[in-house]
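K.L.:
One structure is given below, represented as structure tokens, and several questions about it will come after.
Derivation of every value follows stated rules applied to the coordinates shown; laboratory data play no part. Nothing here was measured: the structure is a model prediction, and the numbers come from that model. Virtual Cβ from ideal backbone geometry, glycine too; neighbours counted across all protein chains shown.
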Amino acid sequence: MLVSSKIYLQDARENHYAFPHFNYWDSNSIRAEIAAAEELKLPVILAWAEKHSPEIGMEDALGLGKFFGARAKVPVILHLDHGVTPELVKKGVDEGFTSVMIDASDKDFDTNVATTKDIVEYAHARGVVVEAEIGHVGTNSTEDDSKYTEVDAAKKFAEETGVDSLAVSIGTSHGVYQTGTPKLNFDRLSELREALNIPLVLHGGSSSGDENLRKAAELGITKANIYTDLAMASLHATQKEKFDTEPDMAAAQRKAIKDLSEHYYDVFETNNYQYRI
């Protein structure tokens, strides 16, 4: 069944664990991610990002999310991730996402506030929760543009927008790391956890290191986004052996994605969720 993330992220905040957030890009990946959650009897956050539009459009992604989410044996949060186009985010609200992210983190503070507040008002009137970002989680490139989240700015942002959860920047990056595991600013995370009374989100979770991620969950992160690791696991599964049929290859991909999804549930200690299905 499709549900809101609100009570789940709040429980994670109160009990110092996190939910992994899994991006899906086709029916194979979404089936594998749901299978992992069902195996562990835990809720699952499934996400489509606007940047995936060239590979799978929002309508197709919603169709998959609604179809498999309605049949899942566990609660499913269907999340629109990194929506940078306000009109598209509003359309996502209208058409069935139970959670949306408006990402204006690359804009100046006032523009980010105004853009986010508009989406919050629109989504809340329709029973949908909203995530936003302050600071900026960049890409792992030679000229990374990541910016740590400032505590006072984050507090002001949350108060002025009424956002339900906030993605913060503490040293992770999107994509594949070229130079090993990142060094995360846990002191900044603790300060943010103390200053804000809403759930905090970590983007760029893939390959950030299990110990880093576990500690981040303990110190205040309630949701961590995982995409690149899942996509790479699927790719590597196809490279390990020669398959006689495409269904055999797809089954190997699903197993790799499912196994890694279960691993991340363990990393974030999501089994601390008190109301197992």
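K.L.:
Determine the percent antiparallel among the DSSP beta bridges restricted to segment 6-272, to the nearest 5.
P.N.:
5
K.L.:
I would also like to ask the following. Pick the calculated P(r) over Cα pairs in 10 Å bins from 0, in percent for this structure from (i) 7, 31, 39, 20, 3, 0; (ii) 7, 26, 24, 17, 17, 9, 1, 0; (iii) 7, 29, 36, 21, 7, 0?
P.N.:
Entry (i).
K.L.:
Oh, and also: Distance cut-off 18 Å, Cα to Cα: go down the list 66/91; 51/90; 147/183; 90/117 and report the pairs above it.
P.N.:
none
K.L.:
Just want the ordering: 1, 249, 101, from fewest to most Cβ atoms lying within 10 Å of their own Cβ.
P.N.:
Arranged by neighbour count, lowest to highest, 1, 249, 101 become 1, 249, 101.
K.L.:
Moving on to the next point. For a footprinting-style exposure proxy, rank 68, 268 by other Cβ within 10 Å, fewest first.
P.N.:
68, 268
K.L.:
What distance in nm separates the simple spin-label points at residue 243 and residue 4, each placed 7 Å from Cα in the Cβ direction?
P.N.:
Modelled inter-label distance: 4.0 nm.
K.L.:
Oh, and also: Using a Gaussian network model of the chain with C-alpha springs under 10 Å, which one of 244, 26, 11 is most mobile by mean-square fluctuation?
P.N.:
Its mean-square fluctuation being the largest, the pick is 244.
K.L.:
With a 10 Å Cβ neighbour count serving as the proxy for reagent exposure, in which order, fewest first, do 67, 97, 157 appear?
P.N.:
67, 157, 97
K.L.:
For segment 6-272, what's the relative contact order in percent, using C-alpha pairs closer than 8 Å and at least 6 residues apart?
P.N.:
Dividing the mean separation by the residue count of segment 6-272 yields 22 percent.
K.L.:
Can you compute the charge dipole magnitude of segment 6-272 about its Cα centre, using +1 on each Lys and Arg Cβ and -1 on each Asp and Glu Cβ, nothing else charged? Give it in debye, rounded to the nearest 20.
P.N.:
That gives segment 6-272 a dipole magnitude of about 560 debye.
K.L.:
Between segment 74-131 and segment 182-210, how far is it from one alpha carbon centroid to the other, in angstrom?
P.N.:
21
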